[in-house]
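Written below as structure tokens is the structure these notes are about.
The values are calculated or read from the model by the stated rules, or taken from the named source; none is laboratory data. None of the values given here were measured: they were computed from a predicted structure. In this analysis, Cβ positions are derived from the backbone assuming ideal geometry, glycine residues included, and neighbour counts consider all displayed protein chains.
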Amino acid sequence: MTIDTMRIFLDTADVATIKEAYSTGLIDGITTNPTLIMKSGKIPDRVYYELKQLGIKDISMEVVADTAKDMLEEASRLIGLFGDCVTIKVPCTPEGLLACKEMANQNIRVNVTLIFSPSQAILAAKAGATYVSPFVGRVDDNSFGGLCLIKDIAKIYQQQSWFQTEILAASIRNVRDVGRAFEYGASICTIPPNVFNGMYKHILTDKGLELFDEAWKSVTTQHGPTNI
């Protein structure tokens, strides 16, 4: 498996929040959920259009359908509307993997989601998935190790070097798990805005800035203005 660089995706459909975070130059893509978009009172296609207009190059758009045929039809519609920024998100089910295999044959990016075991990750990779999304937090909720799942999948992919599928760690709920996910072999972490903003913060950084400010005030008090 070839990994170009660590990437951070934002896991939200709030366009204003995405715009602010994307302006930092640190966000590489977006994962979305049409159910949450609809609950917010917005239309998924409108949100996807606005995200594309921001210049985002990788947007996971979930297809809500029960059969591979319907998934493929919806995928075709989304790609027709939004083009190269589309990554189609399908569940790790027999129908989802059938659709994944067909899309992979057409060089369409596919994110296989709801991954909870190494065996599911193997099937998704065999189906040609671009990304697999193990759900770290949900695995933890069920008394298993979400981060250990990433480590196990990464080990399998590394040993079977013909796999090109990348690990997109999802359901990440705290800053610490971002670092661990990358350490254990994830290529990408998709995180909610509060976790992204929390990555900037550390008590020692805050203390260091406080000391720098105090030192600067002391210098300027003793020596006067520094204008040349």
Selected residue [among the β-branched types (Val, Ile, Thr), over 22 Å from Val90 (Cβ atoms), modelled with pLDDT of 95 or more and out of contact with any Lys or Arg (no Cβ under 7 Å at 6 or more places or on another chain)] from Val112, Val175: Val175
When you go through Thr205, Thr226 one by one, which is the residue that is of a type in the set (Ser, Thr, Tyr), surrounded by fewer than 12 Cβ atoms within 10 Å (Cβ to Cβ), at pLDDT below 90 and outside any loop (DSSP other than H, G, I, E, B)? Thr205
So if I check each of Lys151, Lys155, Lys126, which one is over 15 Å from the mean Cα position of the chain (by Cα), within 27 Å of Leu78 (Cβ to Cβ) and at pLDDT 95 or above? Lys126
Those residues that are in contact with a Leu (Cβ under 7 Å, 6 or more places away or on another chain) and assigned to a helix (DSSP H, G or I), I need them from the stretch 119-154; list them, please. Leu123, Ala124, Val136, Val139
Do we find that Glu50 is among the acidic types (Asp, Glu) and surrounded by fewer than 19 Cβ atoms within 10 Å (Cβ to Cβ) in this structure? yes
Please specify each residue of the stretch 179-193 satisfying the condition of being in contact (Cβ under 8 Å) with a residue 60 or more places away in the chain and in a helix (DSSP H, G or I). Phe182, Pro193
In the stretch 155-171, which residues are without any contact (Cβ under 8 Å) to a residue 24 or more places away in the chain and part of a helix (DSSP H, G or I)? Gln159
Please work out if Ser143 is within 23 Å of Thr32 (Cα to Cα), of a type in the set (Ser, Thr, Tyr) and surrounded by fewer than 17 Cβ atoms within 10 Å (Cβ to Cβ). no
